[in-house]
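The values are calculated or read from the model by the stated rules, or taken from the named source; none is laboratory data. Computed from a predicted model, the values in this text were never measured in an experiment. Counting neighbours? That spans all protein chains shown, and the Cβs are built from the backbone with ideal geometry, glycine included. For accessibility, only protein heavy atoms count, side chains too; no ligands or nucleic acids. Shrake-Rupley method; radii C 1.70, N 1.55, O 1.52, S 1.80 Å.
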Amino acid sequence: MENIIVIVIVAVVAIAVVVSYICSLSGKIPTCPGCDCCKDRSCEKEVL
Amino acid sequence: MKKLNIAFAGNPNSGKTTLFNALTGARQHVGNYPGVTVEKKHGICKYKDYELNIVDLPGTYSLTAYSVEELVTRDYIIDERPDVVVDVIDSSNVERNLYMAVQLMEMNVPLVLAFNMSDIARQNGIIFDLKQLSLLLGVPIVMTVGNKSKGLDELLESIVSVSSNPPANTSDRIHYGSEIEEELQNIQRTLDGEHDLVEKYGKRFLALKLVEDDKEILAQGHTDKILGAVKTSRQHLRTIFGDLPDIIIAERRYGFISGACQESVKSTTELRHDISDMIDAVLTHRTIGLPIFIVLMYLVFQMTFFFGQYPMGWLESFFGWSARMITEFWPGSADSALLSLIVDGVISGVGGVVVFLPNILLLFFAISILEDSGYMARAAFIMDHIMHKIGLHGKSFIPMLIGFGCSVPAIMATRILENKRNRFTTIMVIPLMSCGARLPIYILLTGAFFANNKGLVMAIIYFTGILLAVVCAKLLRGTIFKGKTTPFVMELPPYRVPTMRGVLIHMWQKGWMYLRKAGTIILGISIILWAAATYPKPDESSLAGLSHEEAQNVQLKHSIIGRVGVGIEKVIKPIGFDWKIGTALVGAFAAKEVFVSQMGIVYSLGADTEASSEALQKRLQVDYTPLQGFCVMLFCLISMPCVATVAMTRHETGSWMWALFQVVFLTVLAYIVTLVVYQSATFMHIGV
């Protein structure tokens, strides 16, 4: 039973990580960490 | 004969009227501006096929509408729309006089700058690089001596030229800093309905004056929506800067002027007068500026280590205690897979990263102080000389500085660079600026191998990154991204005492980003890496008779990650890495911090449950040499950036090719540099 729980956790996490990276690389989700480092919300603006 | 309306503006005592008299002679009329007792003089001047109707506006220091002269001058320029405005500058006091020129640039009027009294400036030992200054400001400049009628033909020629070919938009030449720019954009968005006012003043100028609380502009009957937006923006700016927005904007104008003058005005005698200038004389000095920057960064790292060690110890104790408690009260058997997942995977992996949070907070606390005080702008200015030499502008160093935090927003920040070649070059080298995610790797390894020189080694790593970025940029600008650079002004805002609130906000933003990453992607990857380092398990019989450490090694080698590590060992052996480091490097591609969590997982599997970086450091000291530790830091600094950075490079360059190029270029570079360092140090018996 315990092994099944471990397998399910690892599988779900692995899928979530892979999906999030695929989305990130393909631009489906914003890559901006939201840290406000750039301070000008440049991610919301058009590229010059 | 073509007629042109020309307005002469300028500071009092700039020689404006002398120049006006020299041009118009006796053809003058004197009157008053309507409704005020301010004298209005206008005269006629004929030049080639042109008849110039010149108006000598009242002498003012600025166009802020505080005095009636300022108001008259501004209204005349806005209402009468002269074909050309000539701003007469006292060349011997150029920085103060350029303040008005900057305001005229904000109004986007066809402008010519007459650097008058240039003979006195020369006597005072002031030398102008007019070509450079004109390029930086985006307006033509002519040297004149009004009382000797020198430079008049050049001035008239320039006026005629500007009237037929006005310079490109000058209103957005001055960048007021990201916070103010953001508020200006917010206000501009609300101005769409005010067609007449926008037509009259221009959207950016109108927004600027509203943020500056200009009574004259505010009284023009704006909607509640606009006034509400202005109030919110002013309050927001006041909270951030702890001062009135109009004062901050004025400071930014002087910063722009100061930056432009630093690049184009040389003085053979000492004319500097304010405190900022006196500090700049030392901090941006050509010879000692860079060493001061290096020493400051070294002190920042030392401070990070010294004050960070205490809260770091508390966090380590907390995670160690958590692991012990969970193990002690676990209802199942001690070799439970779920228990191992929680203790070895989650606590070792995530805990191993979270313990460095105090260092991250302290580092960004110090960097925020340097940024908010205005020093970081000077750091960029110091680098300007070097950047020019490699074909980039100092402005490229600003995204690079952001790269010390995180490469992703740094790549976004390259949008301030108008030149595509400069921008792409900067994007390619940004990952060489050591981001916050690499800090845990350095802290772990410097603590293990360079306990007495932690700050020094860390500073060496950071400056190696900067140096490599400079060399690579030079290489790229000379080959793939060949071409000319465009001039920019490096703003030098006056020094300010940073507000504690502002510094704490910036520090917390970085800390929160780090924590959020630890709780999401690093948690996920730690779980996957734990599974990959645990399964498949070897036969019990193959572990029989082995010591605890030997059994741990056999188990790891048998696991998926162990096999990957062993698979790449042949490639990484020449640079001093074994299969364990190889497994951690693979994980670090997902996020750099994972290197530390992976080492934590590798060394805690099957061992005691202490999630302490000190325990990990002791294990590393046994397995590796200081040279290997240094080479790991070097490789992590240079090698391929994390997935998020690759994604952002693709987004900003619009091409997978450039993203792939960055990954391959940096990884090959990392390999070559590490190989050279490892092999030559081994040959010379250094750190082995």
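Key figures for this structure:
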read-out	value
Per-region count, the range B:178-211, residues within 16 Å of B:K231 (Cβ to Cβ) and among the hydroxyl-bearing types (S, T, Y)	1
Residue match in the range B:135-142 (condition: open to solvent by less than 20 Å² (accessible area, probe 1.4 Å) and over 29 Å from the mean Cα position of the chain (by Cα))	yes
Residue pairs meeting the criteria (Cβ under 7 Å; at least 6 apart or on separate chains; first open to solvent by less than 40 Å² (accessible area, probe 1.4 Å), in the range A:1-24; second not in a helix (DSSP H, G or I))	A:C23/A:I29; A:S24/A:T31
Residue match in the range B:458-481 (condition: within 14 Å of chain A (Cβ to nearest Cβ), open to solvent by less than 60 Å² (accessible area, probe 1.4 Å) and not small (G, A, S))	no
First in the range B:422-438 and closer than 30 Å to B:G352 by Cβ, second anywhere and assigned to a loop (DSSP other than H, G, I, E, B) and among the hydrophobic types (A, V, I, L, M, F, W, C), Cβ under 6 Å, 6 or more apart	B:M433/B:F404; B:C435/B:C406
Criterion: without any contact (Cβ under 8 Å) to a residue 12 or more places away in the chain and either more than 28 Å from B:H222 (Cβ to Cβ) or in the same structural domain as B:Q262 (by TED's automatic domain parsing) (or both) - qualifying residue of B:E199, B:E183	B:E199
Residue match in the range B:331-349 (condition: within 28 Å of A:V10 (Cβ to Cβ) and more than 14 Å from chain A (Cβ to nearest Cβ))	yes
Filter result (open to solvent by 40 Å² or more (accessible area, probe 1.4 Å) and in contact (Cβ under 8 Å) with a residue 40 or more places away in the chain) within the range B:168-180	B:N169, B:R173, B:H175
Test set (1) in contact with a Lys or Arg (Cβ under 9 Å, 6 or more places away or on another chain); (2) more than 18 Å from B:D246 (Cα to Cα) - B:Q103 fails condition number	(2)
Residues of the range B:44-91 satisfying the condition of being of a type in the set (D, E), outside any strand (DSSP E or B) and open to solvent by 30 Å² or more (accessible area, probe 1.4 Å)	B:D49, B:E69, B:D75, B:D79, B:E80, B:D83
Residues satisfying the stated conditions in the range B:482-508, i.e. assigned to a helix (DSSP H, G or I), open to solvent by 70 Å² or more (accessible area, probe 1.4 Å) and at pLDDT below 80	B:R501, B:I505
Selection from the range B:665-688 of residues that are free of Cβ contacts under 8 Å to residues at least 12 places away in the same chain and open to solvent by 70 Å² or more (accessible area, probe 1.4 Å)	B:V668, B:I672, B:V676, B:F683, B:M684, B:H685
Residue identified as at pLDDT 95 or above, surrounded by 22 or more Cβ atoms within 10 Å (Cβ to Cβ) and in the same structural domain as B:V571 (by TED's automatic domain parsing) among B:C642, B:C631	B:C631
Pick from the range B:565-577, criterion buried (at least 18 other Cβ atoms within 10 Å of the Cβ) and assigned to a helix (DSSP H, G or I), ranking: farthest from the chain's Cα centre (by Cα)	B:G565
Every residue from the range B:235-257 that is open to solvent by 10 Å² or more (accessible area, probe 1.4 Å) and within 19 Å of the chain's Cα centre (by Cα)	B:I240, B:F241, B:E251, B:R252
Qualifying positions in the range B:509-539 - part of a loop (DSSP other than H, G, I, E, B) and of a type in the set (D, E, K, R)	B:K537, B:D539
Residue match in the range B:280-289 (condition: over 28 Å from B:R501 (Cα atoms) and in contact (Cβ under 8 Å) with a residue 12 or more places away in the chain)	yes
Filtered residues of the range B:509-564 (kept if at the interface with chain A (Cβ under 8 Å from one of its Cβ atoms), open to solvent by 30 Å² or more (accessible area, probe 1.4 Å) and over 35 Å from the mean Cα position of the chain (by Cα))	B:I528
